[in-house]
Amino acid sequence: MTSIRTVVLVVIPLILASVAGCSGEPPERGFAGLAEEGQDEGFRQPAQGDRIRLPADWGAHPDYRIEWWYLTANLTTADGQPLGLQWTQFRQGLEPRSPETPAPDATLWPLQSAWMAHGAVSFDGQHWFDERFARGDIGQAGAMAAPLRVWLDHWQLTESADRTWQLSASGNGWSYDLRLTPGDAVVRHGNKGFSAKTADGQGSMYFSLTDIAIEGEVVLDGQSHSVSGPGWLDREWSSQFLRSDQRGWDWFALRLDDGGRLMLFQVGDGDDAFRSGTWIDPRGQVHSLAPDQIRLERTGYRNTGRGRVPVRWRVEVPSRSLALEIQAPSGEYWNDGLYPYWESPVSVSGSASGHGYMELTGYDRN
Amino acid sequence: MTAIEVTDLHKSYRSASGRVPVFQGLSFAVGQGHSLALTGPSGSGKSTLLNILCGLEPADTGVVKLLGEDACLRSPDDWADLRRGRIGVVFQDSNLMPALTLEENVRLRADLAGQPFGPVRDWLERLGLAGLEQRYPDQVSGGQRQRAALAMVFAMAPDLILADEPTGSLDRHTASAVADELFRWQRHRGCTLVLATHDLSLADRCDQRLDLATGT
Amino acid sequence: MLLRAILSHYRRHPLQLLALWAILTLATALWSGVWTLTTQARDSMTVGDRQLAGQQLLVRQDGAAVTVEDFSELRRQGLCVVPWLEVSTGEGGARVIGVDPLAMGCADSTRSGPVPVLDGEPFVDMAEAARLARQQPSVLRLYLAQDTDGLPGGWQRQPDPSALDTGELADSFLLNLNALAVLVVLVSALLIRSVYTLGLAQRRHGLKLLERYGVQRRRLRRYLLLELGALALLGAVPGFGLGLVLAEVLGSGFGVALESLFDASLLATPRTGTGFLVTLGVMMLVVLWCGLDLLRNQENRDGHRWQVPVAAGCLIGGVALVLGADSLLAAFVATALLLAGAGLVTPWLLQRLVAPHRDAPPLRLWRRRELGVLVRRLALPLVALQLAAGTVIAVHALVHTFEGTFNQWLDQRLAGDLFIEVPDGKAVSAVVPVLSQSHLVAGWHQVLRGQVGLSANGTTRTLDLMATDTRSPLVRGWSLLDAVNSPWQAVSEGAVLVNEQLARRQGLSPGGALAIVLDGERRKVTVAGIYADYGRPAGEVLMDMDFLPSGYTPGFRSLTITLPVNNGSGQGPLVAALEQAWQVDSLQVRDNETVHRIANRIFRQTFALTRAISYLTLGLAVAALLLTGWVVLGARQWYYQLLTIWGLTGRAWFRVIFMLATELMLVVWAAAVPVGIALTWVLVQRINPLAFGWSLPMAVYPGFWLELMALLVLAALSVAGAFYLKRPATGVAPVLVTGGER
């Protein structure tokens, strides 16, 4: 999951550069250039054998280039209407710093890292979105492990004394205030948390909470809705993701009615596409899915204001007897920020039914 | 006494194909109070000679004695003084300032020559322009304009008149009337007249005639 | 073939073609340059307004300096505050401003993502400014970039103390720039037309000949219009480019001015496409006007028969409208009417002005008559020059007046050397011991600002109140627009002064009464005088602080301090002593001299631009008059030569021609001065009050008129000299004499 998050973050330094009077490079170069440039700038690289350490890894990793806290939720209003919701906070390191080194003096307005937050709500065929930016190390934005606290301005995720979490954010025409109760243990993707992103072993550290109970209030255009339902939180960090020949990312997080959960993603397109996934069976057992265990196919498209988007997919995992049809609801679900991407709730049918979220990048025509 | 004595005059013009000679050793003399007609086809140098005689153009070589003095020694300012009071010039047309009435034109010329304004109206009347004094040049006929031009010359009381086709643009009848006035005044005043013309009958009225095509 | 015959005129007169093209190009350059500049200025102002609209300074109630922690805390509480770190980097008021582009995203809620408008000098990233701030004096401010209902405890809004409220002065300047742009178009249109019609007059003979040879008149016209269109295009394209260069050159100074005024940089490239279309459109209109003559059958010599009545109508209507105008549009229409009237009546008036007495000496008579001919033949370029010179006179007067009043106003507003805000909750009495140390302070007084109610027609409106010690010599230096006898004495006895805005709005005059409400207490006070207060739309009342109710709480308190003359150590020790006495970390201190210097620099640049444009217009008008004058003089050359044949010496002849040219210039000058005065008066006394509610004093500068006259005489000298040098030596009468009009 992911490239969009990488790409967006790469753009920020370019803005900063232009403000500082230097000429900014075009974002396109940043998209693919990250892998090439990323090797020798002192950022740490995830590798096979790296492990997840909790609760420390809930906090920020200043020695890595990029990371995020990514919540998606398929909620239901009091009268039974589905409501999709997203909250994401990204950190982009501009200068690496080891975890032992103290943070720079805030009075110097340091620029070792930049933060960005995205908030979106999808309801009744409509989509609301806003984004915010901040520099790191001055207190305006940050992330702490225990108790968990991730914030940018007043968009904040905080852990309460009763171990539940509070999440609130607001934008133009929307706001939400939610209580999150994390469910079962964290799911470590890939090899004990190291999730490969290419065939030759590059990747990221990646874990998720796949079953969070959420309840709270969402206000849309002045109208308040009580909501409840399950959410999915991704936690991922790395310093490089993309090989320069990889294009486009398709990511799915699906929750089946029988209790099974499926995460899969595809990097690139066609024969070169790299696929990976995780299957959590109804009993909670976690199974990593190798590239050759996953079949992914676009089966339907929708013409939108920003381009043609594959809104129907067919997913097959023969080894787990899964043959699923994935379908986005009607409407347009572009997160129309600095770097637009598609983020929509989906419904699942086929060998099992359920709900989930889908993130698609590389389809923006503009 | 001679009013004009020209000896061995040379004059040529520069043109694209080299120097074009106009006069090559021209010599002639005109006595005081006499009249000389300059004839010859177009381009034979009639106007050039008139220009040399009033100092508007220098000769290349040769001696020009004018009113008893060697004209070659004169400075431009001396020439100007001469034209101002003693040499009257009449052209075929456009002798009058368009923005002045006939009377004002004559007064201006008299004023420049240092002559009194008194006789100005007399001259206009005598030349048949009575009642037209306050008209502007474009309000009278060509003949009337030439009469006014003569009035200007008469008003300045010159010793020498240089006339370049003074009747060239007039019909025969008017031309002869204007010429009558000119000759009458010239004889009466004993003034010297040099007149360039194509009109042989006009040339015949002069005491002398110089054909510039042949130099005789 | 026909085309070649038509164009043969230009083969015989290549200079005329060149001149026509040059005038087209230069005129296009001038107006596209001015258009670009005004567009840029307007765009920058809009951006600046949008950036600063609703922006208010957020300050701590305890008066302490704000910190980065404060910023983060306010952001976490959901306030859209934007940091602004101003660092002085050297002498002369040079500064660097640190901004955080990431933090600015919240300022514009209609768009997501940061909006990096504050790009380039003097703006840098906060980190860089913070680095500089370690060595240089600096101040961190927090602007509230999006309005909010409530403020967190301990915080309060405050208008930016460093803002000098020059907004309306700048607006006024822009308005004048716009008027100037219109005049430039008008003048250059006249010039193009005059040069073109002059050429056309010369060609009429040849065109008639063609017609006689059987060429249809309609076809002939079509070709001529085609030729005109092609010429216009050939002139417009390079002219537009030249205009952009002009705008670039002039704009660099102008950009700096605006940037300092509005803290917004000039947009790099304006809408060039639109600019070109507008330029082309104006050009086509002008050319069409030139072409109108082609559609008329005959040269219309009776044109001026209707000219005088129409001119009289324009002038009478213009005067009536300008006196009665109550809207800006009406004032502009009136100005246009006046200018049109002046332009129409001038040739007729000049004709009468130069008409000689019949008994004048013949040569003078001739010269005057000749002048009359020139005035008629050169009517269009003369009027263009008249308007251009009038504009220059008006602009000069305007700029001088602006400069003078602005300086006076600055002196008034920036009295004393230092302006120090009294921190909230601190008493002035606490620092009186410091202020009475003569080696630190030469003089001081306190200024209170707050609100006062104005009772009128049964309602009470809130006005700004300024209260001070009116016995202070620093205040008594104010110049008043209108006052009773010894107004300051009256104020120290309880009367008030009001600003111009309030006086205009309420129809107040010195000696009148005003019903005010102070802290709920109703009072009737006398208006002792009216002071000019440019650029403040709000009404203001000034009174002596001794007459404030005892419980009155001002919104804002400040000290105005004069430093001792031989104070080598500057403000440092004083500020330190005050901080210590008040027990605060830092004080808001404004160094008046620096502000004064910066403000002066800004306005000098701005006015230099206005002057440059008006001089360029004048230059173009002079050039066009010389050009057309040259052609007209050339056409009448034979008659001038007659004077030589009639015995005028070279020197005397030159004198006559020079006198002729000089008199021509002098009559233009004489016609321009009243236009200049009228234009100044209309701009200063009518348009400015209508647009902004305040007027500038009217002043005339005869010294400048003389300078302008000298310039025009110099132009006359040059054309006479050139004419003298090219006079032919021979007296041969041309076969065809043209130009024989009277």
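Candidates are the residues of the range A:111-140 that are within 15 Å of C:Met126 (Cα to Cα) and charged (D, E, K, R); the one that is farthest from the other protein chains (Cβ to nearest Cβ) is A:Asp137.
Table: residues versus (1) modelled with pLDDT of 80 or more; (2) over 22 Å from C:Phe419 (Cβ atoms).
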{"position": "C:Gly443", "(1), (2)": "yes, no"}
{"position": "C:Leu448", "(1), (2)": "yes, no"}
{"position": "C:Leu454", "(1), (2)": "yes, yes"}
{"position": "C:Pro473", "(1), (2)": "no, no"}
{"position": "C:Trp478", "(1), (2)": "no, no"}
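When the criteria are applied in full, A:Trp128 meets the requirement of being in a strand (DSSP E or B), out of contact with any helix residue (DSSP H, G or I) (no Cβ under 8 Å at 6 or more places or on another chain) and either of a type in the set (Phe, Trp, Tyr) or under 24 Å from C:Val99 (Cβ atoms) (or both).
Considering C:Leu696, C:Leu660, the condition of being assigned to a helix (DSSP H, G or I) and either more than 19 Å from the chain's Cα centre (by Cα) or touching a residue at least 60 places away in the same chain (Cβ under 8 Å) (or both) is satisfied by C:Leu660 alone. Among the residues of the range B:1-16, those that are part of a strand (DSSP E or B) and not hydroxyl-bearing (Ser, Thr, Tyr) comprise B:Ala3, B:Ile4, B:Glu5, B:Val6, B:Asp8, B:Leu9, B:His10, B:Lys11, B:Arg14. In the range B:66-87, the residue that is modelled with the lowest pLDDT out of those that are more than 9 Å from chain C (Cβ to nearest Cβ) and buried (at least 20 other Cβ atoms within 10 Å of the Cβ) is B:Ala71. Among the residues here, A:Asp130 qualifies as crowded, with 24+ Cβ neighbours inside 10 Å, of a type in the set (Asp, Glu) and in contact (Cβ under 8 Å) with a residue 40 or more places away in the chain.
All of (1) within 15 Å of A:Ile66 (Cα to Cα); (2) within 9 Å of chain C (Cβ to nearest Cβ) hold for A:Leu108 with one exception: (1). Return a yes/no flag: does the range B:139-151 have any residue that is within 14 Å of another protein chain (Cβ to nearest Cβ) and in contact with a strand residue (DSSP E or B) (Cβ under 6 Å, 6 or more places away or on another chain). The answer is yes; a qualifying residue exists. Taken over the range C:118-152, the criterion of being modelled with pLDDT under 85, more than 10 Å from chain A (Cβ to nearest Cβ) and farther than 20 Å from A:Thr107 by Cβ is satisfied by C:Pro122, C:Leu144, C:Ala145, C:Gln146, C:Asp147, C:Thr148, C:Asp149, C:Gly150, C:Leu151.
Selection of the range C:556-576 for residues being aliphatic (A, V, I, L, M) and either more than 15 Å from C:Ser436 (Cβ to Cβ) or at pLDDT below 75 (or both) yields C:Val565, C:Val575, C:Ala576. Inspection of the range B:93-114 finds no residue satisfying the criterion of being within 24 Å of B:Asp204 (Cα to Cα), of a type outside the set (D, E, K, R), crowded, with 18+ Cβ neighbours inside 10 Å and in contact with a Leu (Cβ under 7 Å, 6 or more places away or on another chain). Screening the range B:137-164 for residues that are of a type in the set (Asp, Glu) and under 12 Å from the mean Cα position of the chain (by Cα) and picking the one that is surrounded by the fewest Cβ atoms within 10 Å (Cβ to Cβ) gives B:Asp159.
Among the candidates A:Arg298, A:Arg275, the residue that is without any contact (Cβ under 8 Å) to a residue 24 or more places away in the chain, within 18 Å of A:Leu324 (Cα to Cα) and surrounded by 18 or more Cβ atoms within 10 Å (Cβ to Cβ) is uniquely A:Arg275. Among the residues of the range A:302-343, just one is assigned to a strand (DSSP E or B), farther than 18 Å from A:Phe265 by Cβ and within 14 Å of chain C (Cβ to nearest Cβ), namely A:Trp334.
Number of residues in the range C:64-97 that are more than 7 Å from chain A (Cβ to nearest Cβ), at pLDDT 80 or above and touching a helix residue (DSSP H, G or I) at 6+ places or on another chain (Cβ under 6 Å): the value is 6.
Condition check ((1) within 11 Å of another protein chain (Cβ to nearest Cβ); (2) farther than 21 Å from C:Asp70 by Cα; (3) surrounded by 20 or more Cβ atoms within 10 Å (Cβ to Cβ)) across all residues:
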residue: A:Gly142; (1), (2), (3): yes, no, yes
residue: A:Leu148; (1), (2), (3): no, yes, no
residue: A:Asp162; (1), (2), (3): no, yes, no
residue: A:Gly193; (1), (2), (3): no, yes, yes
residue: A:Ile214; (1), (2), (3): no, yes, yes
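Against the conditions (1) part of a loop (DSSP other than H, G, I, E, B); (2) touching a strand residue (DSSP E or B) at 6+ places or on another chain (Cβ under 8 Å), C:Asn485 satisfies every one except (2). In the set C:Ala678, C:Ala710, C:Ala671, only one residue is closer than 27 Å to C:Ala379 by Cα, away from chain B (no Cβ under 14 Å), in contact with a helix residue (DSSP H, G or I) (Cβ under 6 Å, 6 or more places away or on another chain) and part of a helix (DSSP H, G or I); that residue is C:Ala671. Within the range B:21-37, being surrounded by 19 or more Cβ atoms within 10 Å (Cβ to Cβ) and part of a loop (DSSP other than H, G, I, E, B) holds for one residue alone: B:His34. Taking the stated definitions as given, is A:Gly173 surrounded by fewer than 22 Cβ atoms within 10 Å (Cβ to Cβ) and on the phi > 0 side of the Ramachandran plot? Taking the combined requirement at face value, the residue satisfies it. Each residue in the range B:88-98 was checked for being out of contact with any Lys or Arg (no Cβ under 9 Å at 6 or more places or on another chain) and either in a strand (DSSP E or B) or more than 8 Å from chain C (Cβ to nearest Cβ) (or both), and 1 pass. Does A:Asp221 meet the test of being out of contact with any helix residue (DSSP H, G or I) (no Cβ under 6 Å at 6 or more places or on another chain), over 13 Å from A:Ala73 (Cβ atoms), acidic (Asp, Glu) and free of Cβ contacts under 8 Å to residues at least 60 places away in the same chain? Against the criterion (out of contact with any helix residue (DSSP H, G or I) (no Cβ under 6 Å at 6 or more places or on another chain), over 13 Å from A:Ala73 (Cβ atoms), acidic (Asp, Glu) and free of Cβ contacts under 8 Å to residues at least 60 places away in the same chain), A:Asp221 qualifies. Have a look at B:Thr167, B:Thr174 and point out the one that is buried (at least 22 other Cβ atoms within 10 Å of the Cβ) and of a type in the set (Ser, Thr, Tyr). After applying the criteria, what remains is B:Thr167. Across the range B:107-138, the qualifying residues are those that are outside any loop (DSSP other than H, G, I, E, B) and at the interface with another protein chain (Cβ under 9 Å from one of its Cβ atoms), and the one among them that is farthest from C:Trp646 (Cα to Cα) is B:Asp138.
The values are calculated or read from the model by the stated rules, or taken from the named source; none is laboratory data. The shown structure was predicted, so the numbers you read here are calculated from the model rather than taken from an experiment. Every residue, glycine as well, gets a Cβ built from its backbone with ideal geometry; the counts of neighbours run over all protein chains shown.
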